[in-house]
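Presented below is the structure to which this report refers.
Where a number appears in this text, it was derived from the coordinates with a stated rule and is not lab data. Note that this is a predicted model, so its numbers are computed, not measured. With ideal geometry, Cβ positions are generated from the backbone for all residues, glycine too; neighbour counts draw on all protein chains shown.
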Amino acid sequence: MIQKFQSKQFLTFLLVGGIAAIANFLSRILFSFYINLVISIALAYLTGMAIAYCLNKVFVFKDNTQPLKSSISFFILVNLVAIAQTFFITLGFVLYIFPFYGFEWHAHEIAHGIGICFPVFTSYLGHKYLSFRSK
C-alpha cells in the first residue's frame, strides 16, 4: 500500500490536486465577499472539483477505461466523501479547535487549508479504483 503513495502517478495526483486546491482556496475567498462561509466552502469545493476532474483525466489517470458517465458519477461520489471531510474538518477548526486555543489570525483561511488537505489519500484511492479505473 505504501508504494501506491510513492509512485509517479500519486505525485502527479498531488500536483494536480494542489492546483485544484489553490483554485478551491482562492475561489472560497472570492465567494466569501458575497456569501457566508458555509456556502462559500461548498461552492469553492465544486470549483476545485471541476478543475480536478479535467486535470486528473488528462494528466494523472491517462490509461483509464471507465466510460465517461461512470467516471463522472464515481468522481462525484468520491468527492462527496471528500467534501464531507473538508467541510467538517474546516468547521471543526473554525468553531471548536481555534476558539479553544484563542487562535483568530486568518482562522477561516487556515482552517479551510487544513480541510482541503485532509482527504488526499482517500480521494487518490477512490479515483484510482473507481473514477478512473483501467482494466
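Summary table
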quantity	calculated
Estimated FRET transfer efficiency (Lys62, Phe121; beta-carbon r; R0 35 Å; 0.05)	0.95
The chain - mean residue ellipticity at 222 nm from DSSP helices (-39,500 (n - 2.57) per run, n ≥ 4, rounded to 500)	-22000 deg cm²/dmol
Percent of Cα pairs exceeding the 15 Å cut-off, where the set is region 45-124	61
Spatial separation of Cα centroids for region 76-135 and region 10-56, in angstrom	11
Contour excess over end-to-end distance, with Cα ends at Val81 and Glu109 and 0.36 nm allotted per residue	8.0 nm
Selected from Ser123, Ser73, Ser40 as most flexible by GNM, with the chain as the system and alpha-carbon contacts under 10 Å	Ser73
